[in-house]
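Engineer: The structure that follows is given in the form of structure tokens.
Values quoted throughout were computed directly from the atomic coordinates according to the rules given, and no laboratory measurement underlies them. What you see is a predicted model, and the numbers here were worked out from it, not measured in a lab. A quick note on method: Cβ atoms are made from the backbone with ideal geometry, for glycine too, and the neighbour counts reach across all protein chains shown.
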Amino acid sequence: MRLIVGGLLVMACWASVVRTGEAQMIVAHRGASFDAPENTLAAFQEAWKQKADAIEGDFYLTKDGHIVCLHDKTTERTTGGAAKLKPAEASLEQLRDLDVGSWKHEKYAGERIPLLDEVLATVPQAGKILIEIKCGPEIVEPLRVVLEKTTLRPEQIVIICFNQEVVKQCREKMPQFKANWLTSYKQNALTGKWSPGLASVLESLDKTGATGLGTQARDEVVTADFVREIRKAGVECHVWTVNEPAQAARYAELGFDSITTDKPAEIRSAIQSGNP
Ligand code: G3P
Ligand code: CA
């Protein structure tokens, strides 16, 4: 009897820290960016067409105070080398003048850098958006102003960022929205150790008040024990960027809340079929 009760207790503890048996939210990374030019309205529309649960996009503040969707520090790559503007040093008008579709395929010629409002407007009733902030805390107040006006419900919006100060300020100033802290990892060539380690990750989550962790899909670091400890801290677990079916299956098995991918349709079907 004592053995049975003990066993049940262990199972209950396990279930409280590991999320099992629930479908992962599929997040379209920079939109459905394998098929369409990243961070454009075409990519976000394609993501919804591919039945993504959520879209993820990257955002900067322009010189004249607008919030625009762009991944890199400059526009060079996504304009096919035609212009090298830094969002913080450019006006909305200058940025909107650029063609950010042709580099991917001529059929996307004329795609423009979207404003955050325009990206928000693509989100359907049942969809979510992960707003990744790529600049510093100067964006927090303008972001609050834009989000105050959106018709989306607070639970449809998640702010994500590598910058701890941004996460902290978003939690303080917009507690109605989740804000997740993002981290990647580097390996020390001499010791082979990856950093940040678990203790440091937990400390950052605590310090920022983040509602979740968005972790790089670094298989060497992100083990079942790692996930269990993050769960114990009472926060969500999200992973990016997973484009290989077998790797997606691994993260689904680990019980992640979401998987961010450039290929939402393919990754969902791989996870659902259970046959990556
Ligand atoms: O979802 C987080 C992920 O998008 C961070 O990496 O470089 O693609 O913005 P990056
Ligand atoms: Ca991103």
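Engineer: Here are the criteria: (1) more than 15 Å from ligand 1 (Cβ to nearest atom); (2) closer than 24 Å to Ala52 by Cα; (3) surrounded by fewer than 18 Cβ atoms within 10 Å (Cβ to Cβ); (4) touching a residue at least 12 places away in the same chain (Cβ under 8 Å). Tell me which single one Thr151 does not satisfy.
Structural biologist: It fails just one condition, (4).
Engineer: Now for a different question. When the residues of segment 232-264 are filtered to those that are within 22 Å of Glu132 (Cβ to Cβ) and in contact with a Lys or Arg (Cβ under 8 Å, 6 or more places away or on another chain), which remaining residue is surrounded by the fewest Cβ atoms within 10 Å (Cβ to Cβ)?
Structural biologist: Filtering first and then ranking leaves Asn243.
Engineer: Sort out which residues of segment 183-209 are among the small types (Gly, Ala, Ser) and within 16 Å of ligand 2 (Cβ to nearest atom), and write them in order of number. Spell out the reasoning first.
Structural biologist: Our first condition is that a residue be among the small types (Gly, Ala, Ser); within segment 183-209, this holds for 184, 189, 192, 195, 197, 199-200, 204, 209.
Listed by number, the list holds a single entry, Ser184.
Engineer: Ok, one more. Working only within segment 103-142, note down all residues that are among the β-branched types (Val, Ile, Thr), out of contact with any Lys or Arg (no Cβ under 8 Å at 6 or more places or on another chain) and in a loop (DSSP other than H, G, I, E, B).
Structural biologist: From segment 103-142, those among the β-branched types (Val, Ile, Thr) are 113, 119, 122-123, 129, 131, 133, 139-140; that's our starting set.
Keeping just the survivors that are out of contact with any Lys or Arg (no Cβ under 8 Å at 6 or more places or on another chain) gives 119, 122-123, 129, 131, 133, 139.
Scanning segment 103-142 gives Thr122, Val123.
Engineer: Collect the residues in segment 74-90 that are under 11 Å from Ile113 (Cβ atoms), out of contact with any Asp or Glu (no Cβ under 9 Å at 6 or more places or on another chain) and not polar (S, T, N, Q), keeping them in residue-number order.
Structural biologist: Pro87, the sole residue that qualifies.
Engineer: Go through segment 86-100 residue by residue and tally those that are closer than 21 Å to Val146 by Cβ and either touching a helix residue (DSSP H, G or I) at 6+ places or on another chain (Cβ under 9 Å) or hydrophobic (A, V, I, L, M, F, W, C) (or both).
Structural biologist: 6
Engineer: Quick one: what pairs do we get from segment 50-62, first residue closer than 13 Å to Ile159 by Cα and within 14 Å of ligand 2 (Cβ to nearest atom), second among the charged types (D, E, K, R) and in a strand (DSSP E or B), C-beta under 7 Å, 6+ apart or different chains?
Structural biologist: Ala54/Lys128; Glu56/Glu132; Gly57/Glu132; Asp58/Glu132; Phe59/Glu132
Engineer: In segment 256-268, how many are farther than 19 Å from Arg228 by Cα and not in a helix (DSSP H, G or I)? Steps first, please.
Structural biologist: Filtering segment 256-268 for residues farther than 19 Å from Arg228 by Cα gives 260-268.
Going one step further and asking which of them are not in a helix (DSSP H, G or I), we end up with 260-263.
Qualifying residue count for the region: 4.
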